[in-house]
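Report on the following structure.
The values are calculated or read from the model by the stated rules, or taken from the named source; none is laboratory data. As the structure is a computational prediction, the values presented were derived from the model and not from experiment. Here Cβ is always computed from backbone atoms with ideal geometry, including for glycine, and neighbour counts include all displayed protein chains.
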Amino acid sequence: MSLQISSVQRGPAVVGILIALFLLTFLVVPVGQVIVVAFQDPSTGEATIINFVDFFRNSLFRESFFNSFYVASMSVVIASIISMPLAYFTTRFNFGGTALIQTLGIIPLIMPPFVGAVAMQLLFGSNGSVNLLLDEYFGFTIPFMEGLNGVIFVESIHYFPFILINLSAALSNIDRSMEESAQNLGANGLRLFRRIVFPLAMPGYVAGAALVFIKVFDDLGTPLLLNVNTMLAPQAYLRVSSIGISDPMGYVISVILVGFSLLSLWVSLRALKGKDYATVQKGGGGLMKRDLRSWEKVGCYAVVVLILMLVLSPHFGLLLLSFGTIWSYAVLPDAFTISHYITVFSTATQYITNTLLYAGLAALFDVILATAIAYVVWRTDLVGRKWLDYGATAALAVPGVVIGIGYLRTFHSVDVPLIDQPLASWWVIIVIAMTIRRLPYALRSCVAAIQQVSVMLEEAAENLGATKARTVWRIVIPLMSGGILAGFVTSFATAAVELSATIMLVAKETDAPLAYGIYEFMQSAAGRGPGAALGVIAVLFVGIGTYASHLIIERSNKARESTSIVAEET
Amino acid sequence: MTNAHETAGVVIEDLNLSFGETHVLKGVDLSIKQGEFFAFLGPSGSGKSTLLRAIAGFGPTPTGRILIQGNDIADLPPWERDVGMVFQSYALWPHMTVRKNVSFGLEERKVSKAQINERVEKALDMVGLMDLADRRPSQLSGGQQQRIALARTIVIEPKVLLLDEPLSNLDANLRIQMRRDIRELQQKLKLTTIFVTHDQEEANTTSDRMAVLDQGVIQQVGAPIELYDKPANLFVAKFLGTANIIKGSVITDESSLVFRTDRGMDIPLNQGYSHGRSIVFRPQNVDVCAAGTGVGEAHSKLNGKVEHMEFLGSIIRYGVDVNGDIVLVDHAHKRGESIFQVGDSVDLLIDRESILVLAA
């Protein structure tokens with residue numbers, strides 16, 4: 001009997017071990033390597049905390065640490081200020097602009113912040129369009145983009161949707177009976193808000209805020225493009241790229257970044273854990289909504305339109321930059337041209353083809369890995385199967401910079417047979433970095449998909465003569481296809497604009513993907529036009545990808561609704 | 001022993017099964033004849049579905065033997081067992097058309113294309129849903145889905161057909177139609193069939209024989225009428241219809257046999273045994289009449305007071321307080337007949353032949 005079981009389990013066991021090896025090689029070992037080096041004396045190799053002491057003795061690093069912390073915190077504050085009125089409008093009022101606000105929640109996410117950073121400088125910088133106009137008509141300027149302000153401004157415009165989405169979800173999950181029973185017991189107005197609405201919405205807000213904090217804290221591309229180098233991630237990158245992979249400071253910074261990532265994720269999970277305040281009951285739904293008076297409506301629309309303009313400004317600026325001839329000390333470019341696009345398509349197509357190749361391969365590996373992990377975790381009883389899920393998800397807590405440094409350190413001495421080149425400088429390592437970094441997204445998508453497949457559908461197939469493998473092929477994968485496809489598209493779209501790990505792993509220009517190309521172009525004033533044109537192409541990639549994955553999920557949800565009627569009757 | 005196995009459709013020997021610490025099936029022994037329609041009847045949690053799934057090869061691995069037409073299949077994976085199962089919620093694959101669903105098992109058996117087409121048509125014809133072959137399961141009603149699930153299973157010509165509460169998702173009228181259809185199909189195909197249900201009416205109307213399960217143990221096996229009339233224990237008596245159960249003990253002297261209840265009443269018996277601890281009789285075997293009516297040898301008389309009364313249409317069910325025990329009595333209702341009221345003093349006449357003495 002036990003022989004029979006093991007032959008049935010052998011396939012999944014082999015697959016599980018292979019995945020575990022992959023995760024071990026390309027996630028655990030490189031990150032472990034980084035941590036070990038950070039705690040090692042560079043000359044003797046002994047365990048020590050001297051590197052951390054050195055780090056905090058150095059005033060540049062102290063300043064960088066403080067700046068990163070300040071920028072991340074301020075971004076949370078600004079993002080909260082943008083999100084709160086929007087979330088409040090949609091959940092408390094019968095407000096026609098709800099669809100507009102939902103769109104607002106998606107637009108920023110389709111453009112990586114570093115892509116729009118330069119365009120934002122031209123719009124909001126000290127000699128940018130807005131300040132030129134302000135100066136001309138009102139005689140004053142606002143330092144939106146001065147130093148750290150620029151990073152905070154760009155990051156909060158990009159990341160506020162994380163707070164908006166979580167906060168809106170939390171607010172709309174509060175049942176009106178919660179509010180009514182409080183009113184019935186005598187609470188009203190501000191007291192009602194403070195004692196009922198606010199505590200119930202808090203977990204959602206904290207979860208969103210923690211995500212914003214860590215995304216900003218880890219971001220490398222935006223400060224680099226805005227030329228703000230006194231922050232942690234840029235320092236790590238500059239140390240490794242200028243001094244080399246033996247300098248311990250890059251590793252110390254990496255450990256700090258990982259530490260803060262873990263802390264933020266922990267805060268975010270803690271906020272939500274056990275506080276699943278889904279209080280909506282049958283027939284209920286959402287907080288009490290009231291109609292707006294006409295002047296209130298005007299006010300609401302004014303706020304929404306203002307935020308919309310702000311949110312669209314990177315996109316708008318990028319478009320102007322990509323079609324403009326010369327744009328400096330002027331509200332708008334002097335003239336318009338398509339020559340930047342011609343430049344891109346005549347000299348920089350390798351960036352686009354590389355990106356299609358890398359992101360395509362990474363997304364493909366991601367969905368294969370994710371489907372296999374989902375199956376092993378949810379459909380077998382292999383010992384330790386949960387660790388595959390944990391392992392793959394752990395990549396969320398590892399900033400791109402750390403992956404980059406870890407790969408350089410671990411694989412610079414590993415030669416790839418036949419091509420006679422270290423693995424760390426072979427283009428495939430970029431694909432692997434993208435695969436590891438986007439695996440958590442694909443995994444969540446595939447896990448959600450497999451949980452929707454009733455085990456009974458598989459048992460029916462086995463009962464009619466299909467082996468486990470045949471059942472996976474004919475039943476499980478087809479039924480998961482919506483989730484797998486959505487996972488592929490999400491992984492592809494986000495891998496296409498991955499910069500922080502890629503920037504360290506690009507060994508030669510001809511291997512570079514789009515994100516790296518944008519970064520390269522944006523370095524020089526003359527390259528901004530073509531850089532923006534490349535940026536527009538990147539936004540199109542991500543935008544179309546996001547829309548496609550949205551459609552796929554919608555469609556498979558619909559298909560599922562019709563089938564779940566059958567399943568629910570059990 | 002071996003001879004018996006060859007003629008038997010399904011034989012289960014000393015089957016034990018646990019979910020972790022919970023012992024779900026406890027030493028199940030069962031022999032089902034070839035071509036028999038057999039029901040597993042029991043309350044939820046009795047282990048009936050677990051037993052069915054163990055035959056199909058799903059769930060935790062049991063110990064013991066499961067023989068189908070003489071071959072032990074307990075060690076085979078589900079796909080090599082050749083037992084067709086119809087799932088409670090049908091488990092039709094939503095991404096395949098009806099035709100694809102039905103041909104699945106034949107494709108897995110590498111049957112030739114032409115053969116598949118022919119057999120699928122025949123199976124769909126048998127359940128009367130030929131016109132729906134190109135629909136998706138989600139476009140079908142519950143009853144139609146049920147038929148497709150049945151067609152999908154019988155098309156592979158399994159050695160045994162397993163039905164897991166197949167009627168529970170249908171509405172009442174459809175259920176009656178469907179159980180007749182299933183029975184008819186089974187008779188036509190002469191297929192050994194095991195039907196799991198918690199509804200005794202379903203088991204009674206469809207099956208040749210049935211096993212009543214409780215807490216992982218088979219309580220009794222037999223034809224429906226046999227089980228109803230001669231329950232082996234209190235559980236079977238209570239589970240199959242309404243039963244009056246009175247606790248006490250049997251008292252024998254040379255001339256008569258009497259059951260003395262714990263509350264001190266004597267009920268004369270026709271048959272019984274000395275260690276009997278309770279008597280069982282059904283409400284329809286008792287008649288109620290005004291106090292003081294004479295009684296013959298065929299009946300045992302009890303006197304009591306009407307405690308409650310329910311009018312159920314064709315019958316009136318009285319609850320009569322007999323010295324502290326409530327006895328249920330079903331009285332056939334005829335128009336114009338006088339009805340006893342709560343508080344009336346009445347005599348109960350129990351048909352002595354129908355009184356069953358049980359040990360527990």
TODO: Would you mind telling me which numbered condition in (1) farther than 24 Å from A:VAL14 by Cα; (2) within 13 Å of chain B (Cβ to nearest Cβ); (3) outside any helix (DSSP H, G or I); (4) not β-branched (Val, Ile, Thr) A:ALA466 fails?
DONE: (1)
TODO: With the checklist (1) more than 20 Å from the chain's Cα centre (by Cα); (2) buried (at least 22 other Cβ atoms within 10 Å of the Cβ) in hand, flag the one item A:GLY400 doesn't pass.
DONE: (1)
- [ ] Could you please find all residues in segment B:72-120 being among the β-branched types (Val, Ile, Thr), touching a residue at least 12 places away in the same chain (Cβ under 8 Å) and more than 8 Å from chain A (Cβ to nearest Cβ)?
- [x] B:ILE73, B:VAL86, B:THR97, B:VAL98, B:VAL102, B:ILE116, B:VAL120
Task: Cβ pairs under 7 Å, 6+ apart, first in segment A:105-116 and over 18 Å from A:ALA169 (Cβ atoms), second at pLDDT 80 or above and polar (S, T, N, Q) - done: A:PRO113/A:THR222; A:PHE114/A:THR222
TODO: Could you check, for segment B:151-158, whether at least one of its residues is under 18 Å from B:VAL102 (Cα atoms), crowded, with 22+ Cβ neighbours inside 10 Å and among the basic types (Lys, Arg)?
DONE: yes
Task: Boolean, A:PRO422 is of a type outside the set (S, T, N, Q) and in contact with a His (Cβ under 7 Å, 6 or more places away or on another chain) - done: yes
- [ ] Please tell me if A:ILE518 is more than 26 Å from the chain's Cα centre (by Cα) and either at pLDDT below 85 or aliphatic (A, V, I, L, M) (or both).
- [x] no
TODO: Give the number of residues within segment B:191-215 that are among the β-branched types (Val, Ile, Thr) and under 10 Å from the mean Cα position of the chain (by Cα).
DONE: 5
Task: Residue, surrounded by the fewest Cβ atoms within 10 Å (Cβ to Cβ), within segment A:181-229, restricted to residues that are of a type in the set (S, T, N, Q) and closer than 14 Å to A:VAL151 by Cβ - done: A:ASN227
- [ ] Look at A:ILE17 and say whether it is at pLDDT below 85 and loosely packed, with under 15 Cβ neighbours inside 10 Å.
- [x] no
- [ ] Can you tell me which residue within segment B:327-353, out of those that are assigned to a strand (DSSP E or B) and farther than 24 Å from B:GLY241 by Cα, is farthest from the chain's Cα centre (by Cα)?
- [x] B:SER345
TODO: Report yes if A:TRP378 is surrounded by fewer than 17 Cβ atoms within 10 Å (Cβ to Cβ), within 28 Å of A:TRP473 (Cβ to Cβ), at pLDDT 85 or above and more than 25 Å from the chain's Cα centre (by Cα), otherwise no.
DONE: yes
Open item on the list: Taking the criterion of being surrounded by fewer than 24 Cβ atoms within 10 Å (Cβ to Cβ), at pLDDT below 85 and not in a helix (DSSP H, G or I), would at least one residue in segment A:480-501 satisfy it?
Closed with: no
Open item on the list: Just to verify a result, which residue in segment A:449-463, among those that are out of contact with any strand residue (DSSP E or B) (no Cβ under 9 Å at 6 or more places or on another chain) and of a type in the set (S, T, N, Q), is nearest to the other protein chains (Cβ to nearest Cβ)?
Closed with: A:SER454
- [ ] Scan segment B:137-147 residue by residue and report those that are assigned to a helix (DSSP H, G or I) and either within 11 Å of chain A (Cβ to nearest Cβ) or surrounded by fewer than 23 Cβ atoms within 10 Å (Cβ to Cβ) (or both).
- [x] B:PRO137, B:SER138, B:GLN139, B:GLY142, B:GLY143, B:GLN144, B:GLN145, B:GLN146
Open item on the list: Within segment B:54-71, take every residue that is within 11 Å of chain A (Cβ to nearest Cβ) and surrounded by fewer than 16 Cβ atoms within 10 Å (Cβ to Cβ) and give me the one that is nearest to B:ILE12 (Cα to Cα).
Closed with: B:THR63
Task: Number of positions in segment A:475-529 that are within 14 Å of chain B (Cβ to nearest Cβ) and of a type in the set (Ser, Thr, Tyr) - done: 1
- [ ] Give segment B:206-250 a look and list any residue that's of a type in the set (S, T, N, Q), crowded, with 21+ Cβ neighbours inside 10 Å and not in a strand (DSSP E or B), or say none.
- [x] B:THR206, B:SER207
TODO: Confirm whether B:GLY319 is loosely packed, with under 14 Cβ neighbours inside 10 Å, over 20 Å from B:ALA359 (Cα atoms) and not hydrophobic (A, V, I, L, M, F, W, C).
DONE: no
Open item on the list: Looking only at segment A:164-201, how many residues end up being at negative phi and free of Cβ contacts under 8 Å to residues at least 12 places away in the same chain?
Closed with: 12
TODO: Go over the candidates A:LEU457, A:LEU479 one by one and state the one that is under 20 Å from A:ARG555 (Cα atoms) and free of Cβ contacts under 8 Å to residues at least 60 places away in the same chain.
DONE: A:LEU479
Open item on the list: If I filter segment A:413-426 for residues that are within 14 Å of chain B (Cβ to nearest Cβ), surrounded by fewer than 22 Cβ atoms within 10 Å (Cβ to Cβ), touching an Asp or Glu at 6+ places or on another chain (Cβ under 9 Å) and of a type in the set (A, V, I, L, M, F, W, C), do I get at least one hit?
Closed with: no
TODO: Could you please find all residues in segment A:479-510 being over 19 Å from the mean Cα position of the chain (by Cα) and of a type in the set (S, T, N, Q)?
DONE: A:SER481, A:THR510
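Results for (1) under 30 Å from A:PHE93 (Cα atoms); (2) among the aromatic types (Phe, Trp, Tyr); (3) assigned by TED's automatic domain parsing to the domain that holds A:GLU509; (4) in contact (Cβ under 8 Å) with a residue 60 or more places away in the chain, shown as yes or no for each residue.
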residue	(1), (2), (3), (4)
A:VAL298	yes, no, no, no
A:LEU310	yes, no, no, yes
A:LEU318	no, no, no, yes
A:VAL331	no, no, no, yes
A:THR343	no, no, yes, yes
A:LEU361	no, no, yes, yes
Task: Some residue of segment B:184-191 being touching a Lys or Arg at 6+ places or on another chain (Cβ under 9 Å), farther than 26 Å from B:GLN69 by Cα and assigned by TED's automatic domain parsing to the domain that holds B:SER44 - done: no
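Yes/no per residue for (1) of a type in the set (Val, Ile, Thr); (2) assigned by TED's automatic domain parsing to the domain that holds B:GLU353; (3) closer than 26 Å to B:ARG317 by Cβ:
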position: B:LEU227; (1), (2), (3): no, no, yes
position: B:ASN233; (1), (2), (3): no, no, yes
position: B:THR252; (1), (2), (3): yes, yes, no
position: B:LEU269; (1), (2), (3): no, yes, yes
position: B:HIS275; (1), (2), (3): no, yes, no
position: B:VAL306; (1), (2), (3): yes, yes, yes
